[in-house]
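The values are calculated or read from the model by the stated rules, or taken from the named source; none is laboratory data. Quick caveat, the model's predicted, so the values are computed rather than measured. Heads up, the Cβs are rebuilt from the backbone with ideal geometry, glycines too, and the neighbour counts pull from every protein chain shown. Quick note on the areas: whole protein, heavy atoms, side chains included, nothing else; ligands and nucleic acids left out. Shrake-Rupley method; radii C 1.70, N 1.55, O 1.52, S 1.80 Å.
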Amino acid sequence: QVQLVESGGGLVQAGGSLRLSCAASTLAFSSSAMGWFRQAPGKAREFVAAIEWSGRSTYYADSVKGRFTISRDNAKNTVSLQMNSLKPDDTAIYYCAASYSGNLYYIPSYRYWGQGTQVTVSS
C-alpha cells in the first residue's frame, strides 16, 4: 500500500507561484504513475497533471498547460507540481494520487490518494 502526503499549499496572490510536493511511503512508488487533481468548493474533482513512472511522459489539463509543471524524483519517492502564473480559478484543494494502470486523466485509474493541500489564490 502506498501512503501519500502532500505539502506546499498556501495563500498566494494572483500571478504568484507555489510548489506542491507529495511524498510516498513505499518503494512501490517508482512503478506507479502519479497524478495531481484538484477540487474547488462545490465542484467535482478534476484532473490537473500526471507523470508516468519513468518521468518521460507528462500530461496536463488544458487549463494549466504552460503554467504548471509536474516532475518526480524516484530516488526520493516524491512528485512535485510547480505552479506559476496562478489565477483565482486555481483555488482548490490539491490531491496527489498513484496509478498502476488505466487512463491517467481519469479518477478511477488512481488507487491511492493523499489527504490534500489547500491552495488559495487571491485576486
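Key figures for this structure:
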quantity: Carbon/sulfur fraction of accessible area - the chain, other protein chains in place, 1.4 Å, %; calculated: 49
quantity: The chain, accessible area per residue, ligands and nucleic acids excluded (1.4 Å, Å²); calculated: 51
quantity: The chain, relative contact order [Cα under 8 Å, separation at least 6], %; calculated: 35
quantity: Cα shape, segment 26-73, gyration tensor, a/c 1.5 rule; calculated: oblate
quantity: Relative counts (whole %) of C-alpha pair distances in segment 68-112, using bins that are 5 Å wide; calculated: 5, 16, 20, 26, 20, 11, 2
quantity: Ranked by how many other beta carbons lie within 10 Å on average, peptides 1-8, 79-86 from highest; calculated: 79-86, 1-8
quantity: Solvent-accessible surface ranking, highest first, for 106, 100, 95 at 1.4 angstrom; calculated: 106, 100, 95
quantity: Directionally averaged shadow of the chain, computed from the convex hull of its alpha-carbon atoms, nm²; calculated: 6.8
